[in-house]
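A.B. asks: Could you have a look at this structure, given as structure tokens, before my questions?
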Amino acid sequence: WEPIGEAWVKLPRQRAWGAVHFVGGAVLGSYPHIAYDAFLTRLCDDAGVVVVATPYELGTDHGAISKECSVKYNAAWSAVCAREGYTFGQMPVFAAGHSLGCKLQLIAACSSGSDDTENTTDIQSANQKRAGHLFIAFNNATAADSVRLLEKFARAVLKKRAETASGGDKTMNDTFEGFARNLPNLAALAEKAASAAGLDFTPSPAATMANAQKQFDSPKVRLVKFDKDDLDQNDALEVALRARYKTVVQGDAPISSITLEGTHLSPVFFQFDGAGLSPGFAKLGGVKVGDEDQVAALAEDGVKFLMGR
């Protein structure tokens, strides 16, 4: 991975024939080159495409965040094209996202209702060139959903850490288990706090779906679901997109879907050395989060979608 502008970019081993703009989920999307490294590296090398991953800070204005990601992508991809000798605007570019990242890509693929005509035009012109959309575990996020995602991620980290802590030291494992048991209470408190503070996202879930049904534009869509995912909302998205395609295409809608083994966090896999964090973590050793086989299956399906197989 190399930082180019405000994005993280990975080039394939061979000459690229296309590119993928990837946006990750809540919080994890701030570090796409770490949290999604295994998945995106496979996508990059096996499909032979450049991957441009745009990080973002979580906020309540998803329309603004979507625009920000598109601007970051545009700048990074322009720089890559200039350096590598690609012609900007002539290579196919796919949009891909996980969880909240799907919503951000969905917003970018729809016409904005914003009065900011100049910026809206810039973003729309960039997204007209999308060759397809890969939506992985789409979530039309509410504040509560984001909290639940973070809870799941924290549980995954703690579970892996507890399995290996100090070679199976019971005291250390009990400490992690005790913290894990408190996570549901912490999550419930966070959800209540978000609700009480009036933290809601714009566009709202209902407005997002309404816009998709009226304005979404893409030549083909792949919806990826996981069999143990209670945050996935791809079914509702599929209904909205099929309604949209009825007005813009003749015949069958260019939508395909698949259900893979896994959970909402299956696209995430990484490992890190505790010594790089703090002396306290150094005593615990490294942490590995995720399932490599599930990531491999997801990447294989993604490659087939990109290459039209």
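The values are calculated or read from the model by the stated rules, or taken from the named source; none is laboratory data. Given the structure is predicted, the values throughout are model-derived calculations rather than measurements. Don't worry about glycine lacking a Cβ; one is built from the backbone with ideal geometry, like all the others, and counts go over all protein chains shown. Ligands, DNA and RNA are excluded from the accessible area calculation, which covers all protein heavy atoms including side chains. Shrake-Rupley method; radii C 1.70, N 1.55, O 1.52, S 1.80 Å.
A.B. asks: Could you list all residues from segment 21-47 that are open to solvent by 20 Å² or more (accessible area, probe 1.4 Å) and touching a residue at least 60 places away in the same chain (Cβ under 8 Å)?
C.D. replies: VAL27, ILE34, ASP37, ALA38, ARG42, ASP46
A.B. asks: Just give me the residues in segment 216-247 being of a type in the set (S, T, N, Q) and surrounded by fewer than 20 Cβ atoms within 10 Å (Cβ to Cβ), in sequence order. Steps first, answer last, please.
C.D. replies: Step one: list which residues in segment 216-247 are of a type in the set (S, T, N, Q), which gives 218, 233-234, 247.
Result: THR247, single match.
A.B. asks: Quickly run through segment 48-77 and pick out the residues that are open to solvent by less than 10 Å² (accessible area, probe 1.4 Å) and of a type outside the set (A, V, I, L, M, F, W, C).
C.D. replies: GLY48, THR54, TYR56, HIS62, SER66, SER70, TYR73
A.B. asks: Suppose we filter GLN271, GLN250 for residues that are of a type outside the set (Gly, Ala, Ser), free of Cβ contacts under 8 Å to residues at least 24 places away in the same chain and touching a Lys or Arg at 6+ places or on another chain (Cβ under 8 Å); which single one remains?
C.D. replies: Among GLN271, GLN250, only GLN271 is of a type outside the set (Gly, Ala, Ser), free of Cβ contacts under 8 Å to residues at least 24 places away in the same chain and touching a Lys or Arg at 6+ places or on another chain (Cβ under 8 Å).
A.B. asks: If VAL287 satisfies all but one of (1) modelled with pLDDT of 95 or more; (2) part of a strand (DSSP E or B); (3) crowded, with 18+ Cβ neighbours inside 10 Å, what's the number of the condition it fails?
C.D. replies: Status for VAL287: all satisfied but (1).
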